[in-house]
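Okay, structure first, notes after.
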Amino acid sequence: MAAQILDGKGLAQKIRAEIKVDVEKFVKETNIQPALAVVLVGDNEASKVYVRNKEKACNEAGIKSLMYRLPAETSSEELLKLVRSLNDDASVHGILVQLPLPDGIDEQKILDAIDPEKDVDSFHPENVGLVSQGRPRFLPCTPYGIQQLLVRYNIETKGKRAVVIGRSDIVGKPMGMLLLQKGLGGDATVTICHSRTSNLGEIAKQADILVAAIGKPEFVTADMVKPGAVVVDVGMNKIKKEIVDENGEKKLVDKLVGDVDFDSVKEVAGWITPVPGGVGPLTVTMLLHNALTGAKRQTAK
Ligand SMILES: NC(=O)c1ccc[n+]([C@@H]2O[C@H](COP(=O)([O-])OP(=O)(O)OC[C@H]3O[C@@H](n4cnc5c(N)ncnc54)[C@H](OP(=O)(O)O)[C@@H]3O)[C@@H](O)[C@H]2O)c1
């Protein structure tokens, strides 16, 4: 039997509606509109799309989005100056610097300069530490979205074998951390794999919950998946795919695919996220959640 679909897009709409109600309540109680500053440096086409999506999602949820678009030639010092002024601005509750930054800008230095109370991506070392100790200010958006997906679909993680493929600071490592933490959506036995892992296929096949965050199109194939497993595909890869058009001619078109070979894996897995419409919409949704959390925390002080 084919796997059931974990509908990230549908769930994202539901959670966004909840956040909108929460924002309205917050504004009514405090007379303060939550505001997220989004900083985009340079002309990366994918980044422009992500930033537009974030801006639209903020507006729909009643969160003010303050856009800062800077040229690719911006220096680390100029960017640091902007970050510091946003840190000092009490009307700004969250700061997001869209990655990747152009060559020549010291990415780590910029991320470290963001006030940890406004660090809605949860990249600051202080926030990474708090997440790892199970007392987060902000949960990193993509792993948080995935955890919500599992929890709200009543997928048990407690005592399950979870395998995460990928060890990036943005997805793989924090995903492992959230699955490991005590409580709902956690308590799993976690293995994190990467490009130096031996016998990756064998390890992946032991997973009750398999999260693929690799950045390699259709990397996870059916033979790497345990029958009935929950498969979460974080990957977003643009590939050229050959199709036959209405005139019977072959042509190459752009297609967005995940890190999982959806067509073969869906025949083995119990649950699976599609790409698009799986993890992506939840990432932006949890960013909204974090922006509101930032506003609540700073107002409560
Ligand atoms: N849907 C969303 O909201 C969302 C959010 C963020 C990212 N993404 C997507 O998720 C994917 C991963 O993103 P990322 O930022 O985590 O990427 P990344 O920083 O490039 O990390 C990729 C990880 O995959 C590992 N890897 C690469 N090749 C491998 C192989 N052959 N076998 C095993 N492991 C391998 C790497 O191992 P090493 O550490 O050994 O190099 C690394 O840890 C990308 O497609 C990205 O576009 C989606």
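The values are calculated or read from the model by the stated rules, or taken from the named source; none is laboratory data. On a predicted model such as this, the values are computed, not experimentally measured, just so you know. Cβ coordinates were reconstructed from backbone atoms using ideal geometry, including for glycine residues, and neighbour counts include every protein chain displayed.
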Checklist entry - Taking segment 109-120, which residues are part of a loop (DSSP other than H, G, I, E, B) and either free of Cβ contacts under 8 Å to residues at least 60 places away in the same chain or exposed (fewer than 14 other Cβ atoms within 10 Å of the Cβ) (or both)? => result Ile114, Asp115
Checklist entry - Is there a residue in segment 8-20 that is under 18 Å from Cys141 (Cβ atoms), touching a residue at least 40 places away in the same chain (Cβ under 8 Å) and acidic (Asp, Glu)? => result no
Checklist entry - Is one or more of the residues making up segment 175-188 over 23 Å from Leu130 (Cα atoms), within 12 Å of the ligand (Cβ to nearest atom) and surrounded by 22 or more Cβ atoms within 10 Å (Cβ to Cβ)? => result no
Checklist entry - Is there a residue in segment 218-233 that is closer than 30 Å to Ala61 by Cα, near the ligand (Cβ under 9 Å from one of its atoms) and touching a strand residue (DSSP E or B) at 6+ places or on another chain (Cβ under 7 Å)? => result yes
Checklist entry - Restricting attention to segment 54-76, which residues are within 20 Å of Asp121 (Cα to Cα) and either hydroxyl-bearing (Ser, Thr, Tyr) or modelled with pLDDT under 95 (or both)? => result Ser65, Tyr68, Ser76
Item to check | segment 51-63 residues that are surrounded by 13 or more Cβ atoms within 10 Å (Cβ to Cβ), paired with ones that are modelled with pLDDT of 95 or more and acidic (Asp, Glu) (beta carbon under 8 Å, 6 or more apart) | outcome: Gly62/Glu24
Next on the checklist: I'd like the residue in segment 252-288 that is more than 14 Å from the ligand (Cβ to nearest atom) and either in contact (Cβ under 8 Å) with a residue 60 or more places away in the chain or crowded, with 24+ Cβ neighbours inside 10 Å (or both) and, out of all such residues, is nearest to Ile170 (Cα to Cα).
Outcome noted: Ile272
Item to check | Residues of segment 8-39 that turn out to be out of contact with any Leu (no Cβ under 9 Å at 6 or more places or on another chain) and within 24 Å of Asp233 (Cβ to Cβ), as a count | outcome: 3
Checklist outcome for this item: Checked pairs for segment 201-220, first acidic (Asp, Glu), second within 9 Å of the ligand (Cβ to nearest atom), C-beta under 9 Å and 6 or more apart or across chains, list as Glu218/Gly235; Glu218/Asn237; Glu218/Gly258; Glu218/Asp259
Checklist outcome for this item: When every residue in segment 126-171 that is in a helix (DSSP H, G or I), more than 22 Å from Ala204 (Cβ to Cβ) and touching a helix residue (DSSP H, G or I) at 6+ places or on another chain (Cβ under 7 Å) is compared, the one nearest to the ligand (Cβ to nearest atom) is Cys141
Checklist entry - So is Lys48 under 18 Å from the mean Cα position of the chain (by Cα) and over 30 Å from Ala300 (Cβ atoms) or not? => result yes
Next on the checklist: Exactly one of these conditions fails for Lys48: (1) surrounded by fewer than 15 Cβ atoms within 10 Å (Cβ to Cβ); (2) touching a residue at least 12 places away in the same chain (Cβ under 8 Å). Give me its number.
Outcome noted: (2)
Next on the checklist: Could you check segment 21-43 and list, in sequence order, the residues that are assigned to a helix (DSSP H, G or I) and either without any contact (Cβ under 8 Å) to a residue 60 or more places away in the chain or of a type in the set (Ser, Thr, Tyr) (or both)?
Outcome noted: Val21, Glu24, Lys25, Val27, Lys28, Glu29, Thr30
